[in-house]
Amino acid sequence: MARRRPRAGSPGLAGLARSVALAAAVVVGAGAGVLAAPSAPPGCVSSGAMPRADGRRGAALYPQSEIRTGMIGVGKTVLLGTRITEFQVRVLGILRNGGPAGDLVLFRASGAAIRSVGGLAAGMSGSPIYFGGRLAGAFSYSLEGSDPMVGLFTPVADMMRDLPPSAAGAGAPRTTAIPPMEVGGAVVRRVTVAASRSRAPRPAPGTLVAVPAATPLFVSGLGAREQAELAEYLAPMDIVPMAGGSSIDLPASLPLEPGGAIAVALMRGDVGQYAVGTLTYRDRDRILAFGHPFANIGPARYLLTNALILQVVRGMERNIKVGAAGASVGIISEDRPAAIAGMLGSLPRMFGVRVHVTDGETGVSRQFTFQVVPDKELVPKLVTIGAQSAIERALNRSGAGTADVQMTLHARGLDRAIVRDNRFYSGTDIAARALTEMPDAMRLLFDNDFADLQPTDMDMDVRVTNEQETAVITSADVAEHTIAAGSTIHVHVSVRPFRGEVSTRDVDLTVPSTFVPGPAVLVVRAGRAAAPPTTTVGVGAAAAGLTPPPETAHTLLEAVSTFEHQEQQTDLVVELVGGRSAATDTAAGPEAGRPVATATTPWVLAGRVQIPVLVTGEPH
């Protein structure tokens, strides 16, 4: 009788992470550096070192309508190294319209090779299945808590169908009746197919629950915290990060055939992330794989590599095929419900990241480089997680500190680099705090409202000290509380540095001549992104939320200027709030709305003071 697997309380993929890391560490070499990006059409680069069209045509296809219960076929996958191994397949039933892209075929795998590794495993997604030498489909779904020798495959016709212009929704689980049969020691009469593991219902008596075969995402160069953050981010996509090795040295000319191991990489270099799967179909340079989606985002620009299988690890919940990514060989351009698809011989234009970190206490510097797939949804999180890990690795700590950060952004659509400087402080997590503006930088490069900039790379210089370079705004005053429009307000501000003597700053603010007369509030505050306590002079707490939102840019040049010159955390900002400029005022910027003046300090500021004033008409 086939062994049963526990449903709840089993360690699962996370519980096997240590075993996977050990297996990978035995064979895998050091992380790869940043890939070169020679000239090529937008969106990809070509390289003579990668596999070219070799004249091979795709395998003959087995008609989906002729698949019958009881048919015997052959599956192909890699169980160790790069050698393709065959296993036997027998059709148990057909689930009409049971999957997100059409029919699914229930099958049992057999043979000494597949038994030796404990059955079907995560990472075998895409393993091609043949009847009479013709390709019928690809292993794509495993059964939750049931016989590991039983799975489902996606018919190749659905994988090769003209892909829709947008990604299909996951949809609700679908249940299909089948002739009674014994699976895992129990008689089943129905199979429920869920489009994702998170949507899978609890198994009911007599019902098997099928989910897409897990595609573990092996990660390297990330700390435990960053890996946990990545897991939370990818959970809705049913992608499970696991500790793994970095890239391995494989020749790009290694033949890629159906049943061979491939990897889909999201990051490469000192930080790596790749998913191992199986190639299903190849027609010259066109390929299909997985038999289910990776992240189901539709059009994609993932990096495709060849791969080496290190071991198939047996697990309490599921088996896992552990592998390492090899040479870059192509691009995955489609990520759809029935398959991922792409081309050999072209690479996506990866976004390069260089993080240079200096420990201000020891003077020691380290540099980390990695590349990220240029997807506007993935880039902000992946770059942030990679940079955060680089800072922590360079400092060999997290915790409190002050960080001076400079980001330099490059893109083909810009005639100059974008440069942004700021200083940050955190009492608990300076590595994360130093990256406060990273999402804004990535949105500007990849998802601005004005132009496709074709981002190429970024440099990030970070200097961290243990010192608390902070100060609090303690008071502010003006000589007169009645102010004439068109005049200048002289504001005297007191600032107390951490464990230091009070320092004063004088800031002059000019009130526009068109400022509408009436009551107003003079706000003295820290620059953008500070988290200040509020000190109010003569105004109730209800007036505390008066900091303006960032201005909306109307052109790309304005968006770039806003990012570069927006307030810094060391800025002492004085603004007049309450009235507004008259509609006849044609001035732009702060003069057209809230008048603002700024003074720079050496401290990360906090605090806020609000002073009620009365603005009168323009003086004669």
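Determine, yes or no, whether residue 215 is β-branched (Val, Ile, Thr) and modelled with pLDDT under 70.
No; evaluated as a whole, the condition is false for this residue.
For segment 338-360, which positions are surrounded by fewer than 24 Cβ atoms within 10 Å (Cβ to Cβ) and farther than 30 Å from residue 394 by Cα?
Within segment 338-360, 341, 343, 344, 345, 346 qualify.
Identify, from the list 480, 469, the residue that is among the acidic types (Asp, Glu) and more than 30 Å from residue 360 (Cα to Cα).
Just a single option satisfies the conditions, and that option is 480.
Quick one: count up the residues across segment 282-311 that are within 25 Å of residue 151 (Cα to Cα), more than 22 Å from the chain's Cα centre (by Cα) and open to solvent by 20 Å² or more (accessible area, probe 1.4 Å).
Matching residues across segment 282-311 total 3.
Given the criteria buried (at least 24 other Cβ atoms within 10 Å of the Cβ) and hydroxyl-bearing (Ser, Thr, Tyr), does residue 125 qualify?
yes
Quick test of your reading of the structure: residue 381 fulfils all but one of (1) buried (at least 21 other Cβ atoms within 10 Å of the Cβ); (2) modelled with pLDDT under 95; (3) under 18 Å from the mean Cα position of the chain (by Cα). Name the failing condition by number.
Unmet condition: (1).
With the structure loaded, tell me whether residue 172 is farther than 21 Å from residue 119 by Cα, modelled with pLDDT of 60 or more, open to solvent by 30 Å² or more (accessible area, probe 1.4 Å) and in contact with a helix residue (DSSP H, G or I) (Cβ under 6 Å, 6 or more places away or on another chain) or whether it fails that test.
no
Failed condition for residue 579, given (1) in a loop (DSSP other than H, G, I, E, B); (2) modelled with pLDDT of 65 or more, with all others met?
The number of the failed condition is (2).
Hey, can you tell me all the residues within segment 125-139 that are among the hydroxyl-bearing types (Ser, Thr, Tyr) and touching a Phe, Trp or Tyr at 6+ places or on another chain (Cβ under 6 Å)?
125, 127
Does residue 403 satisfy the condition of being under 30 Å from residue 144 (Cβ atoms) and either open to solvent by less than 10 Å² (accessible area, probe 1.4 Å) or assigned to a strand (DSSP E or B) (or both)?
When the stated conditions are applied, residue 403 does not pass them.
Go through 95, 80 for me and flag whichever is open to solvent by 40 Å² or more (accessible area, probe 1.4 Å), in contact (Cβ under 8 Å) with a residue 24 or more places away in the chain and of a type in the set (A, V, I, L, M, F, W, C).
80
Could you check how many residues of segment 406-429 are outside any strand (DSSP E or B) and either in contact with an Asp or Glu (Cβ under 9 Å, 6 or more places away or on another chain) or free of Cβ contacts under 8 Å to residues at least 24 places away in the same chain (or both)?
4
If you take the residues in segment 131-156 that are surrounded by fewer than 22 Cβ atoms within 10 Å (Cβ to Cβ) and at pLDDT 90 or above, which one is nearest to residue 87 (Cα to Cα)?
149
Would it be correct to say that residue 282 is farther than 24 Å from residue 135 by Cα, of a type in the set (Lys, Arg) and out of contact with any His (no Cβ under 9 Å at 6 or more places or on another chain)?
No, not satisfied.
Considering each residue of segment 441-488, count those that are assigned to a loop (DSSP other than H, G, I, E, B) and either open to solvent by 20 Å² or more (accessible area, probe 1.4 Å) or polar (S, T, N, Q) (or both), and give that number.
Counting residues in segment 441-488 that are assigned to a loop (DSSP other than H, G, I, E, B) and either open to solvent by 20 Å² or more (accessible area, probe 1.4 Å) or polar (S, T, N, Q) (or both) gives 16.
Report the residue count in segment 499-530 for those that are surrounded by 14 or more Cβ atoms within 10 Å (Cβ to Cβ) and not in a strand (DSSP E or B).
10
Can you tell me how many residues in segment 321-335 are open to solvent by 10 Å² or more (accessible area, probe 1.4 Å) and of a type outside the set (A, V, I, L, M)?
The number of residues fulfilling the criteria is 3.
Can you pull out every residue in segment 435-459 that is of a type in the set (A, V, I, L, M, F, W, C), out of contact with any helix residue (DSSP H, G or I) (no Cβ under 6 Å at 6 or more places or on another chain) and under 24 Å from residue 225 (Cβ atoms)?
441, 458, listed by residue number.
Kindly provide the set of residues from segment 265-281 that are in contact with a Ser or Thr (Cβ under 6 Å, 6 or more places away or on another chain) and surrounded by fewer than 24 Cβ atoms within 10 Å (Cβ to Cβ), ordered by number.
none
With the condition kept exactly as written, say whether any residue in segment 276-290 is in a strand (DSSP E or B), closer than 19 Å to residue 240 by Cα and not small (Gly, Ala, Ser).
yes
Specify the residue that is surrounded by the most Cβ atoms within 10 Å (Cβ to Cβ); the eligible residues are those in segment 418-440 that are among the acidic types (Asp, Glu) and within 18 Å of the chain's Cα centre (by Cα).
437
Tell me the residue from 574, 539 that is of a type in the set (A, V, I, L, M, F, W, C) and at pLDDT 95 or above, please.
574
Among (1) part of a strand (DSSP E or B); (2) within 30 Å of residue 402 (Cα to Cα); (3) out of contact with any Lys or Arg (no Cβ under 9 Å at 6 or more places or on another chain); (4) of a type in the set (Val, Ile, Thr), there is one condition residue 362 misses while meeting the rest; what is its number?
All conditions are met except number (1).
The values are calculated or read from the model by the stated rules, or taken from the named source; none is laboratory data. Treat the numbers as computed from the prediction; the structure is a model and nothing was measured. With ideal geometry, Cβ positions are generated from the backbone for all residues, glycine too; neighbour counts draw on all protein chains shown. Heads up: the accessible areas ignore ligands, DNA and RNA and are worked out on the full protein's heavy atoms, side chains in. Shrake-Rupley method; radii C 1.70, N 1.55, O 1.52, S 1.80 Å.
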